[in-house]
Structure formats: C-alpha cells, structure tokens
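The values are calculated or read from the model by the stated rules, or taken from the named source; none is laboratory data. Predicted model, so just to flag it, every value in this text is computed and none were measured. Positions of Cβ are generated from backbone atoms using ideal geometry, with glycine treated the same way; all protein chains shown enter the neighbour counts. We work out accessible area using only protein heavy atoms, side chains counted, and drop any ligands, DNA or RNA first. Shrake-Rupley method; radii C 1.70, N 1.55, O 1.52, S 1.80 Å.
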Amino acid sequence: LWSCAAAIENMWLTARAYGLGMGWVTLFRPDDLAELLHLPEGVETLGWMCLGWPDERPPSPGLERRAWSKKLLVENLI
C-alpha cells in the first residue's frame, strides 16, 4: 500500500509539472467502489483518481473553499 501511495504522489507531482489536474474522487466507500468496478475478492483500493486538463483555475483548492480543510503553513509541517 505504501508503494502505491508513493506512486500516486509521484503521479500527482508529475501531472502538476505538466499543468494537468489530478484529483482523488472521495464519493465512494471502498466496498462500494469495489462493487462498482467488479473487483475480485481481496483487492484493496486506495482511491479513484481523476486526471486531466482543468476547465477552470479556481482561486483556492476545493476542500478549502468548502471549509473541509485549510492550508497549513509549511513551517508547521517540516
């Protein structure tokens, strides 16, 4: 799982370097997603990613605009 999480992060960083948007679809619970995709028993999902050219450039991240999260100071994270 950690290797997959690192791959997702690397994919996101590469996408951003090329101006692509990448998002983590959070509308599905893991069991619902497995059923939707007809995944075999025992497959564990980390998430459903969307990747593409953004239609718009919002002034701030969606989670921040909807008060789900707020930007943290980098000094507090290091």
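For this structure, a couple of remarks:
- Test: residue in the range 8-25 that is without any contact (Cβ under 8 Å) to a residue 24 or more places away in the chain, within 15 Å of the chain's Cα centre (by Cα) and open to solvent by less than 70 Å² (accessible area, probe 1.4 Å): no
- Pairs are defined by a Cβ separation below 7 Å, a sequence spacing of at least 6 or placement on different chains, a first member in the range 41-53 that is touching a residue at least 40 places away in the same chain (Cβ under 8 Å) and closer than 17 Å to TRP12 by Cβ, and a second member that is open to solvent by less than 50 Å² (accessible area, probe 1.4 Å) and part of a loop (DSSP other than H, G, I, E, B); the pairs so defined are LEU51/LEU20.
- Within the range 54-75, considering residues that are over 17 Å from THR26 (Cβ atoms) and acidic (Asp, Glu), the one modelled with the highest pLDDT: GLU75
- Members of the range 52-78 found to be among the basic types (Lys, Arg) and surrounded by 10 or more Cβ atoms within 10 Å (Cβ to Cβ), listed by number: ARG65
- Restricting the range 30-51 to residues that are touching a helix residue (DSSP H, G or I) at 6+ places or on another chain (Cβ under 9 Å) and within 18 Å of GLY19 (Cβ to Cβ), the residue that is surrounded by the most Cβ atoms within 10 Å (Cβ to Cβ): MET49
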